[in-house]
Amino acid sequence: MLGFSFSFLLAGSNVLGIFPTGSRSFIFDRIFLVFLILGTIVGVIVISYMLILAYRYRENSATKKDDVDRPKLGELPPRTDDGSKLLKSLLLSAVVVIALVVWTYGSLLYVETQPAQIDGALTIEVEAYQFGFLFTYPDGYQSNGVLRAPVDRVTVLKITSRDVLHNFGSQDLRIKADAAPGMISETWFLAESTGTYDSACYELCGAGHSYMKANIIILENSEFEQWNKTKNNGS
């Protein structure tokens, strides 16, 4: 119920551009950038305030109070304010943290739910085995160790395993999904530039695990369509 409500909220918020959309790389880079900026701002504020207090109450400072104002052993220090500063700082911190958590969760929820909302996506089945990957295209064509996909078009991957637990992932495309026997894991990617991307198994699966790799070749749309027409001829 909570997931459904948040999905509805996410759909409405995306209209306003609150959550980042696009490729997985863009979304994760944007999340990293937001955390980096906020972390830097908080760090600068905390360190600056600490240095200001250290300078204000230094040993030879004119604002430093005499020892006579200090409470004696066993006495409670006098009350200096009503705690409003502490309350305001806690409320401000809570608002920032909650907003950041909600925004991050919404961004990640978009990543997780995106495949179900894609029209015209290319769907490729990925079967992991010791020690390689078999890619099956919608027309039944199979390729061992090489996945070809068009640029600027969403590619959905349905991943399973023939034998033991594996994991298919690519750091460049920000994809990573389990491959388990008898189960299908679904993920997606959207390549924004052509080229060859590395992928590998990220689950220790046997003696040949380190050799379990595959290439993801991203082609221009015209090149992909040409390859798609001739691939069954061995081209």
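Do you know which residues across region 133-157 are polar (S, T, N, Q) and surrounded by 15 or more Cβ atoms within 10 Å (Cβ to Cβ)?
Of region 133-157, the ones polar (S, T, N, Q) are 136, 142-144, 155.
Matches in region 133-157: T136, S143, T155.
Assuming K85 fulfils every condition listed in (1) under 22 Å from the mean Cα position of the chain (by Cα); (2) under 30 Å from V46 (Cβ atoms); (3) surrounded by fewer than 16 Cβ atoms within 10 Å (Cβ to Cβ) apart from one, which condition is it?
(1)
Given the structure, is A180 surrounded by 13 or more Cβ atoms within 10 Å (Cβ to Cβ) and either in contact with a Cys (Cβ under 9 Å, 6 or more places away or on another chain) or free of Cβ contacts under 8 Å to residues at least 24 places away in the same chain (or both)? Can you show your working first?
Numbers: surrounded by 13 or more Cβ atoms within 10 Å (Cβ to Cβ): yes; either in contact with a Cys (Cβ under 9 Å, 6 or more places away or on another chain) or free of Cβ contacts under 8 Å to residues at least 24 places away in the same chain (or both): yes.
In short, yes.
Would you mind stating whether S61 is among the polar types (S, T, N, Q), part of a helix (DSSP H, G or I) and at pLDDT 55 or above? Write out each step before concluding.
Values: among the polar types (S, T, N, Q): yes; part of a helix (DSSP H, G or I): no; at pLDDT 55 or above: yes.
For S61, the condition - among the polar types (S, T, N, Q), part of a helix (DSSP H, G or I) and at pLDDT 55 or above - is not met.
Each row is one residue, and each column tells you yes or no for (1) of a type outside the set (K, R); (2) without any contact (Cβ under 8 Å) to a residue 60 or more places away in the chain; (3) assigned to a strand (DSSP E or B); (4) farther than 18 Å from F28 by Cβ.
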| residue | (1), (2), (3), (4) |
| --- | --- |
| D163 | yes, yes, no, yes |
| F168 | yes, yes, yes, no |
| D198 | yes, yes, yes, no |
| E203 | yes, yes, no, yes |
| S210 | yes, yes, no, yes |
| I216 | yes, no, yes, no |
| F224 | yes, no, no, yes |
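Take the conditions surrounded by fewer than 13 Cβ atoms within 10 Å (Cβ to Cβ), touching a residue at least 60 places away in the same chain (Cβ under 8 Å) and either closer than 22 Å to I27 by Cα or touching a strand residue (DSSP E or B) at 6+ places or on another chain (Cβ under 8 Å) (or both) and apply them to E220. Does it pass? Working first, answer last.
Working: surrounded by fewer than 13 Cβ atoms within 10 Å (Cβ to Cβ): yes; touching a residue at least 60 places away in the same chain (Cβ under 8 Å): yes; either closer than 22 Å to I27 by Cα or touching a strand residue (DSSP E or B) at 6+ places or on another chain (Cβ under 8 Å) (or both): yes.
Yes; evaluated as a whole, the condition is true for this residue.
Taking the stated definitions as given, is R148 assigned to a loop (DSSP other than H, G, I, E, B) and either within 23 Å of the chain's Cα centre (by Cα) or under 30 Å from N221 (Cβ atoms) (or both)? Spell out how you get there, then give the answer.
Working: assigned to a loop (DSSP other than H, G, I, E, B): no; either within 23 Å of the chain's Cα centre (by Cα) or under 30 Å from N221 (Cβ atoms) (or both): yes.
No, not satisfied.
Does G120 satisfy being surrounded by fewer than 11 Cβ atoms within 10 Å (Cβ to Cβ) and either assigned to a loop (DSSP other than H, G, I, E, B) or within 26 Å of the chain's Cα centre (by Cα) (or both)?
On the way: surrounded by fewer than 11 Cβ atoms within 10 Å (Cβ to Cβ): yes; either assigned to a loop (DSSP other than H, G, I, E, B) or within 26 Å of the chain's Cα centre (by Cα) (or both): yes.
Judged against the criteria, G120 is a match.
The values are calculated or read from the model by the stated rules, or taken from the named source; none is laboratory data. Keep in mind that what you see is a predicted model, and the values were worked out from it rather than measured. No Cβ is skipped: glycine too gets one built from the backbone with ideal geometry, and neighbour counts run over all protein chains shown.
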